[in-house]
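A.B. asks: Following this message is one structure expressed as structure tokens.
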Amino acid sequence: MVDTGELEIFRHSLKSIVEEMGVTLQRTAYSTNIKIRRDHTCALFDADLRHIAQHDIAPQHIGSLVSVVPKNVPDWEDNLDPGDGILINDPDKGAVHLPDVMLISPLFYHDEIVGYAANSAHHVDIGGGTPGGIPNDSTELYAEGLIIPGVRAVRDWEYDDDVLSLVLRNVRSPQMRRGDYQAQLGANRIGEERFGDLYDSYGHAGVKTYLDELLEYTERRVRAAISDLPDGHYAAEDHMDGDGIVDEPVRLRLALTVDGDEMTIDFTGTAPENVGPLNCTPAMAFAGTMSVIMAFIGTDLPKNDGFYRPFEIITPEGTMVNPGENAPVAGGWEIPMRAGDLVTKALADAVPERTIGATKGMVCNVAYGGTDPRDDGEYVYYETVAGGYGGRATKDGMDGVQTHFQNTANSPIEELESEIPLYVRRYELIADSEGAGRQRGGLGIRRDLEFYDHSASFSLLTDRTRSRPWGVFGGRSAQPSKFVRNPDTGEETELGSKSTTKLDPGDVVSIRTPGGGGYGDPIERDPDAVLDDVLDGKVSTERAKQAYSVILSDDGETVDCDATNAHREEIRSEAAADGEVSR
């Protein structure tokens, strides 16, 4: 039996390795998307291809690495040398969308493979017809960029010049892409060094003993956490905007079955695969649901192979969560983001104190590119924009954050304007965008970009323009997303959630993300909390009365308690007369 304290030291030794790999990748990368927004992750696998440690910074990549490494390494493991590296991004081989490129390196100790270091990083461009790797009109995978099926791209810790040249010739801004690929290589090199140090400390037998015990310990804890949930079958569904080609809503359905210490995640009933790029691979569906389930059952649990053993995930073939070969998947991350919301909705009645109102419910992929008028060089940029978090049992939803698995950081205005020929004209929280509730949802964000002195390509591959993030237990829905070209002018035009627009010099695009849904009946909200929101400019005086039944003094500085109480009593009486029952 392994000592519990020693096991915890071993566990954190593994975690420190993947964290150092992640920091290495971030600090040596060239692109803002990795070095600032941190759209990457690193992981370790043992010689038996069991997932043993994961960098928590970008949970969306959990699904890709856990899927890709065990599925593809067996084709290579008997023919790998020290310092080799396999580059892969092929969705048909377990990966996700093409911009998320993975590098897998064998880890040798005394001439024996003892594990694998792997990382995934979102590259700002992967080729294809649209700058930024998010085409909104693709109908097959070939149109979305360069497909890397798994190639030996690295030997003796150096990229093969022919392979890397082929990759870079097919992408925009190749020098920046080169820097990011080199950063991925450096991360795995650190992984090899530190994993070797671990073997120096524990020896072969010691590492194996501790790994076996760690995975079993994790499984025991996860099973215990699942057992704390009430047994039952819990389902939820929602509709997403069209797929970019067919302009009709598509259904996403999720059912969770808790049976003792096991859970099944079932997407049966989800719409067939789409013609356009609104499809996701099973790895993406796994990541989106699992990252939220992790939050329900314990964020302090180790993330490794033992965690996943009690779960079964069903993604029916031919649906938009498991499309056929060469199906377009560029917008695939929008689906697991919404699936994360469905997890919270499905479990609302089972664990009401732990659930939340719906979040912004979209990744909000935005990309743009063109010729920089400052130096006539080519540029391309990709980012996602934050939004509202759902209201919680005892706390309001957070304003302007990335939600669920989307743990990427903000793109600072200073960084953006220095790298890209644009001005950020507005960057602010959207007042009155929250879902009202006893605990309100968070506010969405407005981000207006002006593209000066040049024409540019501007692409959206996002969602939530037609449906609103819902509230729970009487909480109200939040405002949806909206995208506008040249807002507040005579030329104002609304853009589709999946669209590419050719911008003229001086054009402005306004990105407006949804708020989060509310939790509980809004007329139960503390009037002083409503007043604070009004004074902070988050809620208007009119909305305070309309949504929360809070009436302020004439100067808007205090709550008119008598008028508020009378108004709320009137609302309650009307509701009782109408037989209204809050969920």
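The values are calculated or read from the model by the stated rules, or taken from the named source; none is laboratory data. Keep in mind it's a predicted model, so treat the numbers as computed, not measured. Heads up, the Cβs are rebuilt from the backbone with ideal geometry, glycines too, and the neighbour counts pull from every protein chain shown. These accessible areas exclude ligands, DNA and RNA; they are computed on the full protein's heavy atoms, side chains included. Shrake-Rupley method; radii C 1.70, N 1.55, O 1.52, S 1.80 Å.
A.B. asks: Rounded to the nearest 0.05, what FRET efficiency do ASP197 and ASP300 give with R0 = 30 Å and r taken as the Cβ-Cβ distance? Could you check?
C.D. replies: So, using R0 = 30 Å, E works out to roughly 0.75.
A.B. asks: Based on the alpha-carbon gyration tensor of region 131-235 and its eigenvalue square roots a ≥ b ≥ c, which shape applies: rounded if a/c is under 1.5, prolate if not and a/b is larger than b/c, or oblate?
C.D. replies: Here region 131-235 falls in the oblate category.
A.B. asks: Another one. Accessible area, 1.4 Å probe, largest first: how do TYR30, TYR210 sort?
C.D. replies: TYR30, TYR210
A.B. asks: Can you figure out the FRET efficiency of ILE413 with ASP92, using R₀ = 56 Å and their beta-carbon distance, to the nearest 0.05?
C.D. replies: So the FRET efficiency works out to roughly 0.90.
A.B. asks: So in the chain, what percent of DSSP beta bridges are antiparallel if you round to the nearest 5?
C.D. replies: So the antiparallel bridges in the chain amount to around 95 percent.
A.B. asks: Determine the gain in length on full extension of the stretch SER540-GLU8; use 0.36 nm per residue of separation and subtract their C-alpha separation, reporting nm with one decimal.
C.D. replies: 186.5 nm
A.B. asks: How many angstrom lie between the Cα centre of region 329-370 and the Cα centre of region 377-392?
C.D. replies: What the calculation gives is 14 Å, centre to centre.
A.B. asks: Could you tell me how many degrees, from 0 to 90 and to the nearest 10, lie between the Cα long axis of helix 561-578 and the main elongation axis, the longest principal axis, of the Cα atoms of the chain?
C.D. replies: Helix 561-578 sits at roughly 80 degrees to that axis.
A.B. asks: Please calculate how many Å² of accessible area the chain carries per residue, with a 1.4 Å probe and no DNA, RNA or ligand atoms counted.
C.D. replies: For the chain, the per-residue accessible area is 37 Å².
A.B. asks: How far apart, in nm, are the 7 Å Cα→Cβ label points at GLU112 and TYR142?
C.D. replies: 4.7 nm
A.B. asks: I would also like to ask the following. Tell me, what is the FRET efficiency for ALA563 and LYS395 to the nearest 0.05, using R0 = 41 angstrom and their Cβ-Cβ distance as r?
C.D. replies: Efficiency at R0 = 41 Å is approximately 0.90.
A.B. asks: At 222 nm, what helix-only mean residue ellipticity would the chain give, in deg cm²/dmol to the nearest 500, using -39500 (n - 2.57) for each DSSP H run of four or more?
C.D. replies: -10000 deg cm²/dmol
A.B. asks: Sticking with this structure for a sec: How far, in nm, would the chain grow between GLU216 and ALA350 when pulled straight, counting 0.36 nm per residue and subtracting the alpha carbon separation?
C.D. replies: Extra length from GLU216 to ALA350 when fully extended: 45.5 nm.
A.B. asks: Let me ask you something else. Quick one: grab the alpha carbon gyration tensor of the chain, order the square roots of its eigenvalues as a ≥ b ≥ c, and give me rounded if a/c is under 1.5, else prolate or oblate depending on whether a/b is larger than b/c.
C.D. replies: oblate
A.B. asks: Measure up LYS303/LYS345; LYS345/LYS395; LYS93/LYS482; LYS345/LYS482; LYS93/LYS303 against 26 Å on the Cα-Cα distance and list the ones that go over.
C.D. replies: The pairs that break the limit, which is 26 Å between Cα atoms, are LYS93/LYS482.
A.B. asks: Using a 1.4 Å probe on the protein heavy atoms, what percent of the accessible area of region 327-414 belongs to carbon and sulfur?
C.D. replies: 47 percent
A.B. asks: Keeping all protein chains in place and using 1.4 angstrom, which order do TYR452, TYR217 fall into by accessible surface area, from largest down?
C.D. replies: Sorted descending by solvent-accessible area, the residues read TYR217, TYR452.
A.B. asks: If a/c stays under 1.5 just call it rounded; otherwise compare a/b with b/c (prolate if a/b is bigger, oblate if not). Do that for region 180-279, with a ≥ b ≥ c from the square roots of the Cα gyration tensor eigenvalues.
C.D. replies: Oblate, because a/c is 1.5 or more while a/b does not exceed b/c.
A.B. asks: Between ARG466 and ASP81, what length in nm is gained on full extension when 0.36 nm per residue of separation is reduced by their alpha carbon distance?
C.D. replies: 133.4 nm
A.B. asks: For region 464-583, with all protein chains present and a 1.4 Å probe, just round the carbon and sulfur fraction of the accessible area to a whole percent.
C.D. replies: C and S fraction of accessible area: 44 percent.
A.B. asks: In addition: Quick one: which residues, 5 or more positions from LEU552 or on another chain, have an amide H under 5 Å from its amide H? H modelled 1.01 Å from N in the peptide plane, none for Pro or chain starts.
C.D. replies: ASP560
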